[in-house]
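Undergrad: First the structure, which I've put down as structure tokens, then a few questions once you've had a look.
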Amino acid sequence: MEKIYHLLSDIPEGQKHESILELLKDRFVRIERIVSQGQASPPGFWYDQEEHEWVVVLSGQAKVKIEGRPETITLAPGDALHLPARLRHRVEWTDLLRPTVWLAVFWKS
């Protein structure tokens, strides 16, 4: 059954943890809307996922660090990033003053 989502509506604010809304999931792909407001990866924590991830920032801003690279990647609305499986990365920073809304697509090859 079809379902319509407006990705920039009903945005939770001031939450202690990120808000994740699963939009679609089947055996091949998972799509999530993630809302961050000041959240970041804990010190020393690195994502090391079995899945590939493609993420786009719809609103707000974030900084992502990829292990072994000196620079931090700043993402603003419209910026997308592909993170292949097992590429260790972390969220260094998300905007504290306004929600950062991500659309994330996960899949295995």
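Just so you know, all these numbers are worked out from the coordinates, no wet-lab data involved. Quantities reported herein were computed from a predicted structural model and do not represent experimental measurements. Counting neighbours? That spans all protein chains shown, and the Cβs are built from the backbone with ideal geometry, glycine included.
Undergrad: Tell me the chymotrypsin sites (Phe, Trp or Tyr not before Pro) within the stretch 1-103 that lie in a loop according to DSSP and have at most 15 other beta-carbon atoms within 10 Å.
TA: Within the stretch 1-103, the qualifying chymotrypsin sites (Phe, Trp or Tyr not before Pro) (loop, at most 15 other Cβ atoms within 10 Å) are Tyr5, Phe28, Phe45, Trp46.
Undergrad: Additional query: Give me the distance between the Cα centres of the stretch 86-109 and the stretch 1-73, rounded to whole Å.
TA: Here the answer is 4 Å between Cα centres.
Undergrad: What list of ³J(HN,Hα) couplings, whole Hz, do you get for the stretch 83-99 from phi and the Karplus terms 6.51, -1.76, 1.60, once you set θ to phi - 60° and write x for glycine and proline?
TA: Working through the residues one at a time gives 10, x, 3, 6, 7, 5, 8, 8, 8, 7, 6, 10, 3, 7, 8, 9, x Hz.
Undergrad: Dipole size in debye (nearest 20) for the chain around its Cα centre, Lys and Arg Cβ +1, Asp and Glu Cβ -1?
TA: 160 debye
Undergrad: Then there's this: With a ≥ b ≥ c taken as the square roots of the eigenvalues of the C-alpha gyration tensor of the stretch 43-91, please select rounded if a/c is under 1.5 and otherwise prolate if a/b is larger than b/c or oblate if it is not?
TA: It is oblate, given that a/c is not under 1.5 and a/b is not larger than b/c.
Undergrad: Mind computing the radius of gyration and Dmax over the alpha-carbon atoms of the chain? Å is fine for both.
TA: Cα-based Rg and Dmax for the chain come out at 13.8, 46 Å.
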